[in-house]
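**Student:** Have a look at this one.
Any read-out appearing in this document is the output of simple, stated calculations on the displayed coordinates, not a laboratory observation. Just so it is clear, the structure is predicted and the values come from calculations on it, not from any experiment. Using ideal geometry, Cβ is built from the backbone for each residue, glycine included, and neighbour counts are taken over all protein chains shown.
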Amino acid sequence: MSFDTLGLHAALTRAVADAGYTTPTEVQSRAIPAAIEGKDLMVSSSTGSGKTASFVLPALMRVLAARGDASKKRDKGAASGPRVLVLAPTRELALQVAKATVDYGRHVPGLRVATVLGGVPYGAQLKALRGPLDVLIATPGRLIDHMESGRAILANVELLVLDEADRMLDMGFIEPIHHIAAATPASRQTMMFSATFAGHVGRLAEELLREPQRIDVSSHTEAHADIEQRLHWADDLQHKNALLDHILTERSVEQALVFTSTQRDADWLADRLADMGHHVASLHGGHPQGRRTRVLQGLRSRQLKILVATDVAARGIDVPTISHVINYGLPMKAEDYVHRIGRTGRAGRAGLAVTLAERRDAHLVQRIQRFTTQRIPTTTIVGLEPKRPEPSAAPAARPASKRFGPRPGGRPGFKPAGKSFAKPGPRAR
Ligand code: AMP
């Protein structure tokens, strides 16, 4: 399959060729033609799957269509608001979408793209909102601010995109999203991207989409080809710290992203690593935006070797030189594990994702393994082997028939793992 078969305008296939892409990814080949037809879409696809282009290219088709259609031309200078509105959970993700829009739109005459993001001054945003606009990319909170002051006009939105909708809801944006969607015309097209459409995300989809087409190319059950995963069992906190110290001083570490479960742990661990002489900073939701920007710049410019972060703060970080992701605190949600490890192994480089688990984390490890339907191989370091045996709660240690067989009176919502998880063997079936 090639980009020429997707129904894209020549200005866009040219830009795609400029970017060096020859073949559309799966999400692109499935979502782009349906989106161009005007269908509402519910799409599950993971980071690195090329999902950004799968909504940016159809969005640009709308802009190009309007350029050719005199009846859709607006009065010059009149504030008429964007044709396309993209909502994204974080500033980083919004900036990535904006960059992709400008890149893919490089041959679209006079393309006007603006961002409205939290944590940055209002001035430039107000200026952009006043002028004519094609594509607006916004984080929900700041957009609401502009709507309340009457600066953001959404009456001409033809396409609304919700990127990482599950994350936006996790961050408490349900009300803003409803409010924003209600300010756009009911006749609009809507595309919603989310790792899951279970629970409240599914309900939001029901409210916002009309006869949506479901496209599921989520690869949480596929191995990340470029990411090697390892699991170390630690006897206690001291042992866990010794493992971390050992791993961080390995020569193969270009840059490492270390995840903690809480903001306090992130600060504490960053201090501890700084005391040991590492170039390290912490990043979490409790920090002001200015610091966040500085820390990310430090990471990109390689002044920082280690970033200690929480899940929300690390969202959208795209730094190809991150060679290691280390789970120092385990994620409460299995999806977060997939998002975390996806911060490495980017741009075709190899990455290593190391999980440091204490015995009390065994259920979280189990949850991750069920979700990904993969075992994380257990590894030891010479001289730092755990003294206690591997916890028996880890699924790998139990026979498959017991693990996945019917569970009378079992927990509701128990999800049997896929077949790739159970090792074939005499006891497996
Ligand atoms: P995304 O999942 O949208 O974050 O995209 C992941 C990366 O894949 C980005 O760096 C894109 O530039 C790149 N990409 C997107 N589409 C393609 C394609 N068809 N072929 C090769 N690379 C692509």
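**Student:** So, in nm, how far is label SER187 from label SER149 when the simple model puts each one 7 Å beyond its Cα toward the Cβ?
**Tutor:** Once both label points are built, they end up 3.2 nm from each other.
**Student:** How long is the gain from MET276 to HIS200 if the chain were fully straight, where each residue apart is worth 0.36 nm and the alpha carbon distance is subtracted? Mind dumping the intermediate values first?
**Tutor:** Numbers: separation 76, 0.36 × 76 = 27.36 nm, distance 4.39 nm.
This chain segment gains 23.0 nm when fully extended.
**Student:** For the chain, what is the largest minus smallest coordinate of the Cα atoms on each principal axis, given in angstrom and ordered from greatest to least?
**Tutor:** Reported extents, whole Å, longest axis first: 74, 52, 40.
**Student:** Counting Lys +1, Arg +1, Asp -1, Glu -1, what net charge surrounds ILE368 among other residues with beta carbon under 11 Å of its beta carbon? Spell out each step's value before the answer.
**Tutor:** Details: positive: LYS333, ARG340, ARG367, ARG370, ARG375; negative: GLU335, ASP336, ASP361.
Residues close to ILE368 contribute a combined charge of +2.
**Student:** Students often get this wrong: which residues of region 338-360 have the backbone nitrogen under 17 Å from the point 7 angstrom along Cα-to-C-beta of ALA19?
**Tutor:** Residues passing the 17 Å test: 346-348.
**Student:** What residues of region 123-161 lie in the reach of a label at VAL102, counting those whose backbone N is under 16 Å from a point 7 Å from the Cα along Cα→Cβ?
**Tutor:** 124-125, 128-129, 134-138
**Student:** Read phi for every residue in region 271-282 and hand back ³J(HN,Hα) as whole Hz from Karplus 6.51 cos²θ - 1.76 cosθ + 1.60, θ = phi - 60°, with x for Gly and Pro.
**Tutor:** After applying 6.51 cos²θ - 1.76 cosθ + 1.60, I find 4, 4, 5, 5, 4, 7, x, 6, 7, 9, 9, 9 Hz.
**Student:** Kindly put MET147, MET168, MET191, MET332 in sequence by how many other C-beta atoms sit within 10 Å of each C-beta, fewest to most.
**Tutor:** Working: MET147 18, MET168 24, MET191 27, MET332 11.
Listing MET147, MET168, MET191, MET332 from fewest to most nearby Cβ atoms yields MET332, MET147, MET168, MET191.
**Student:** Find the centroid of the Cα atoms in region 369-387 and in region 152-170, then give the distance between the two in whole Å.
**Tutor:** Value for the Cα centre distance between the two parts: 40 Å.
**Student:** Taking K and R as +1 and D and E as -1, what net charge do the other residues with C-beta under 14 Å from the C-beta of ALA31 add up to?
**Tutor:** Charge balance in the 14 Å sphere: -1.
**Student:** Please report Rg (one decimal) and Dmax (integer) in Å for the Cα set of region 1-65.
**Tutor:** So, for region 1-65, Rg and Dmax equal 10.9, 29 Å respectively.
**Student:** Semi-axes of the equivalent ellipsoid for region 251-309, please: Cα gyration tensor eigenvalues, times 5, square-rooted, ordered largest first, whole Å. Intermediate values should be presented prior to the final figure.
**Tutor:** On the way: eigenvalues 56, 43, 18 Å².
Over the Cα atoms of region 251-309, the ellipsoid semi-axes are 17, 15, 9 Å.
**Student:** Taking H as built 1.01 Å from N, whose amide H comes closer than 5 Å to the amide H of GLY351, not counting residues under 5 places away?
**Tutor:** Result for GLY351 returns ILE227, GLU228, GLY345.
**Student:** Something else: Pull up all non-local amide H partners of THR115: gap of 5 or more, or a different chain, and H-to-H distance under 5 Å with H placed in the peptide plane.
**Tutor:** Under 5 Å from the amide H of THR115 lie the amide H atoms of ILE137, each far enough along the sequence or on another chain.
**Student:** For a distance above 27 Å, tell me the whole-number percent of Cα pairs in region 227-410 that qualify.
**Tutor:** Numbers: 4421 of 16836 pairs.
Tail of P(r) above 27 Å: 26 percent of Cα pairs.
**Student:** In which sequence would TYR328, TYR122 go, from the one with the fewest C-beta neighbours within 10 Å to the one with the most? Display every interim value, and only then the final one.
**Tutor:** Values: TYR328 20, TYR122 14.
Least crowded to most crowded, the residues run TYR122, TYR328.
**Student:** Go through region 318-334 residue by residue and turn each phi into a ³J(HN,Hα) via Karplus (6.51, -1.76, 1.60, θ = phi - 60°); whole Hz please, and just put x for glycine and proline.
**Tutor:** 10, 10, x, 7, 6, 8, 10, 10, 10, 8, 7, x, 6, x, 6, 10, 4
**Student:** Please give the residues of region 272-291, grouped as numeric ranges, whose backbone N is less than 14 Å from a label point set 7 Å along the Cα-to-Cβ vector of THR321.
**Tutor:** Counting only backbone N, you get 279-280.
**Student:** For region 292-304, in order, what is each residue's ³J(HN,Hα) by Karplus, 6.51 cos²θ - 1.76 cosθ + 1.60 with θ = phi - 60°, in whole Hz (x at glycine and Pro)?
**Tutor:** 3J(HN,Hα) across region 292-304, in whole Hz: 4, 4, 5, 5, 5, 5, x, 6, 5, 7, 6, 5, 9.
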